[in-house]
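Trainee: Handing you this structure, nothing more for now.
Taken together, the values in this text are just the output of simple stated rules run on the coordinates, not laboratory data. Computed from a predicted structure; not experimentally measured. Positions of Cβ are generated from backbone atoms using ideal geometry, with glycine treated the same way; all protein chains shown enter the neighbour counts.
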Ligand SMILES: [Fe+2]
């Protein structure tokens, strides 16, 4: 099959126009709804008036969403992290993640049967702000950003708007997947908002041709865990929204399901219980 041949040769495959724009519209509305709730919840002062969600138009008003996100980010950066976690499990995003054409293509490229179970890990939507270097992903291989001894395929796709060279679309080192695991540096999270990184050494990157991969809304890229890749630099004035995630082959010998961990952002279930019991006692 052509698709598999191309995937094996290049280390990636871009499935063109497989996601309906209506799903991106749904995600846009989910983002808009969540961000306006945040503005109201925290009484964030804005120097502009935002449109009611009932009057918002997609794609015309994407900049309206950007503007609100910039305001929330300026108010408290942690809230963007909370939004990122919210979108990850909201119904609109789960629809995108599990869209049948992505599922089918992932199975094909993993050479799995149509009934083989594939398991999602860390499907998220990145929001990359203009000129950001602190959270920009440097050259890396996905293999160390997941669990040991897993067989998986990585997905990447523009969300809400196209990904362009200007807004920092994904970049890859040509045919770098053919070399397997390469020498890299583990960098723990450092102060000042810098993200944790596992970076491929420069002398290895230098040996490859770097390719930038702009994509149209609806396209989905699937790639090999060894393909060296990074976020481009967002030199535009807009946010780059992109979907990232992994589909794991559950039939792989070494596959062990990670334990999901959901930690309350406020207080623990035990504290919540204690609080309620205290109220009862006082009655
Ligand atoms: Fe990555």
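Trainee: Normalised by the residues of the chain, what does the relative contact order come to in percent, with Cα pairs under 8 Å and at least six apart?
Mentor: 29 percent
Trainee: To continue, here is another question. Between residue 133 and residue 201, 0.36 nm times their residue separation minus their Cα-Cα distance comes to what?
Mentor: In short, 22.7 nm is gained.
Trainee: Next question. Out of 180, 193, 81, any idea which swings most in a Gaussian network model of the chain, alpha carbons joined below 10 Å?
Mentor: 193
Trainee: Taking neighbour Cβ counts within 10 Å as the exposure measure, how do 47, 219, 74 sort from fewest upward?
Mentor: 47, 74, 219
Trainee: Bin width 5 Å, origin at 0, all Cα-Cα pairs of the chain: what percent of pairs per bin?
Mentor: 1, 5, 11, 14, 17, 16, 13, 9, 6, 3, 2, 1, 0, 0, 0
Trainee: For the range 1-121, I need the span (max minus min coordinate) of the C-alpha atoms along each principal axis, in Å, sorted largest to smallest.
Mentor: Cα extents, longest axis first: 55, 27, 26 Å.
Trainee: OK, next. Report D for the range 121-170 in µm² per second (integer): Stokes-Einstein, Kirkwood Rh on Cα pairs, 4 °C, 1.567 mPa s.
Mentor: The calculation lands on 100 µm²/s.
Trainee: Taking the number of other C-beta atoms within 10 Å as the exposure measure, put 62, 21, 153 in order starting with the fewest.
Mentor: Ranking 62, 21, 153 by Cβ neighbours within 10 Å, fewest first, gives 21, 62, 153.
Trainee: Now for a different question. For 250, 90, 173, what ranking results if the residue with the fewest other Cβ atoms within 10 Å of its Cβ goes first?
Mentor: 250, 90, 173
Trainee: Hey, what angle do you get for helix 62-75 against the long axis of the chain, alpha-carbon based, 0 to 90 degrees rounded to 10?
Mentor: It works out to around 70 degrees.
Trainee: Which value in nm describes the separation of the simple spin-label points at residue 283 and residue 6, placed 7 Å from the Cα toward the beta carbon?
Mentor: Here the answer is 6.4 nm between the modelled labels.
Trainee: Once you've got the GNM for the chain with C-alpha springs shorter than 10 Å, pick whichever of 174, 184, 243 has the biggest mean-square fluctuation.
Mentor: Judging by the Gaussian network model, the answer is 184.
Trainee: Testing the spin-label approximation: label points 7 Å from Cα along Cα→Cβ at residue 16 and residue 185. State their distance in nm.
Mentor: The modelled label-to-label distance comes out at 4.0 nm.
Trainee: So for the range 20-98, averaging the separation of alpha carbon pairs under 8 Å that are six or more residues apart and normalising by length, what relative contact order in percent results?
Mentor: 42 percent
Trainee: Label-point separation (nm) for residue 194 and residue 209, each offset 7 Å from Cα along Cα-to-Cβ?
Mentor: 3.3 nm
Trainee: Quickly estimate the mean residue ellipticity at 222 nm for the chain, helices only: each DSSP H run with n ≥ 4 gives -39500 (n - 2.57), and the total goes over all residues, rounded to 500.
Mentor: When only DSSP H runs of four or more count, the value is -9500 deg cm²/dmol.
Trainee: Computed FRET efficiency, Cβ-Cβ of residue 253 and residue 51, R0 51 Å: what is it to the nearest 0.05?
Mentor: 0.45
Trainee: So, one more: So which residue, out of 260, 20, 225, gets the largest mean-square fluctuation from a GNM of the chain using Cα contacts under 10 Å as springs?
Mentor: 260
Trainee: Can you give me the angle between helix 269-282 and the longest principal axis of the chain, using Cα atoms only, in degrees from 0 to 90, rounded to the nearest 10?
Mentor: The angle comes out at about 10 degrees.
Trainee: To test your reading of the geometry: what angle, between 0 and 90 degrees and rounded to tens, separates the Cα axis of helix 21-41 from the longest principal axis of the chain?
Mentor: The two axes meet at around 40 degrees.
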